[in-house]
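Contents: one structure, followed by commentary.
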């Protein structure tokens, strides 16, 4: 029998935080969607075949708009951040608003789920500071709030003993679950790239066009290679290879171990998304609306599809269909084998969140803080 925790989360003592109340009845979830990309490697592949036909199940609303992020999922609840400083919670099957945490500051990071903990960073309005917050579900309270110098605008990483983050000023940091600093590494570079982590190595790009690898236990920089133009998009790791794009539209494959470039492919337009990499392929889109499928080993082009839109958020790759969010207010269903656009769904705003499928439901997010769940029709 699963153990049930009744969660009463009352937050009234956080600086610059309005009264927030969440009451959840939560069971332990063995397969949560815990962080952006699902794993520290940023895995946008799903070993599941899906139907081409979907119907709307519910639409919910949060106060502010979204950045390029995603929902996270624990048990029967959807967690999502917005740029007005909220973490909102929706019931997964009904879309009923189950509560929110409200800070006065913007929240760029997807909420990270660690068992019965929720971890996220918020930016202090008007200051070069952020708050790193740890919520303890079992205790029913916010356990730790740590003030950090610098703005945290990219996604967090989750280690077995703490959280890892990078500020815009390029300070790479690790904090344990008690909110204590474990280590801080100053790169002296501006960073807007989402980091990834695998085999003990943290990898991220810089606005100076570098790729940096650091040891997760000590923060020591293992390598630092100048690649080209600014790397504003996120890093995705598959096996011992890293994949990322830059402002010139070049997709790179580099070694996880030393940062050496294995191959590169010119997509001809700026890339800001995390590529989807796995099962021998890399799927990536650019802001000109072109979607590419490449061979992960040598970068050979398998197919290219022109969506006539603008692609900024990472796609979700299933066994048969690639779900591609588009800033031109559409969600494309693309055939994984040949790149044909099988259908497109129009929504009421620019698509911002990477699609997530959990509990056999598809979750997307678009402008003005709209969250939508679709169910698949056989």
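The number of residues in region 180-200 that are assigned to a strand (DSSP E or B) and farther than 17 Å from residue 143 by Cβ comes to 7. Would you confirm whether any residue within region 212-226 is assigned to a loop (DSSP other than H, G, I, E, B) and more than 20 Å from residue 159 (Cβ to Cβ)? For region 212-226, residues assigned to a loop (DSSP other than H, G, I, E, B) and more than 20 Å from residue 159 (Cβ to Cβ): absent.
Do we find that residue 323 is on the phi < 0 side of the Ramachandran plot, assigned to a strand (DSSP E or B), modelled with pLDDT of 95 or more and crowded, with 21+ Cβ neighbours inside 10 Å in this structure?
yes
Among the residues in region 122-138, are any more than 20 Å from the chain's Cα centre (by Cα) and assigned to a strand (DSSP E or B)? The answer is yes; a qualifying residue exists.
Among the residues that make up region 291-298, is at least one of them under 23 Å from residue 223 (Cα atoms), more than 22 Å from the chain's Cα centre (by Cα), touching a residue at least 24 places away in the same chain (Cβ under 8 Å) and part of a strand (DSSP E or B)? No: region 291-298 contains no residue that is under 23 Å from residue 223 (Cα atoms), more than 22 Å from the chain's Cα centre (by Cα), touching a residue at least 24 places away in the same chain (Cβ under 8 Å) and part of a strand (DSSP E or B).
How many of the residues in region 147-179 are in contact with a strand residue (DSSP E or B) (Cβ under 8 Å, 6 or more places away or on another chain) and in a loop (DSSP other than H, G, I, E, B)? Residues in region 147-179 being in contact with a strand residue (DSSP E or B) (Cβ under 8 Å, 6 or more places away or on another chain) and in a loop (DSSP other than H, G, I, E, B): 13 in total. Of the residues making up region 330-341, just one is surrounded by fewer than 16 Cβ atoms within 10 Å (Cβ to Cβ) and in a strand (DSSP E or B), namely 335.
Condition check for residue 56 on (1) within 23 Å of the chain's Cα centre (by Cα); (2) at pLDDT 90 or above; (3) closer than 16 Å to residue 373 by Cα: one failure, at (1).
Quick one: would you say residue 135 is crowded, with 21+ Cβ neighbours inside 10 Å, modelled with pLDDT under 95 and more than 22 Å from residue 277 (Cβ to Cβ)? When the stated conditions are applied, residue 135 passes them. Counting residues in region 268-280 that are part of a strand (DSSP E or B), in contact with a strand residue (DSSP E or B) (Cβ under 9 Å, 6 or more places away or on another chain) and buried (at least 24 other Cβ atoms within 10 Å of the Cβ) gives one or more. Looking only at residues of region 342-363 that are closer than 21 Å to residue 234 by Cβ and touching a residue at least 40 places away in the same chain (Cβ under 8 Å), we find that the one that is surrounded by the fewest Cβ atoms within 10 Å (Cβ to Cβ) is 357.
The values are calculated or read from the model by the stated rules, or taken from the named source; none is laboratory data. Worth saying up front: this structure is predicted, and the values here are computed from it rather than measured. Counting neighbours? That spans all protein chains shown, and the Cβs are built from the backbone with ideal geometry, glycine included.
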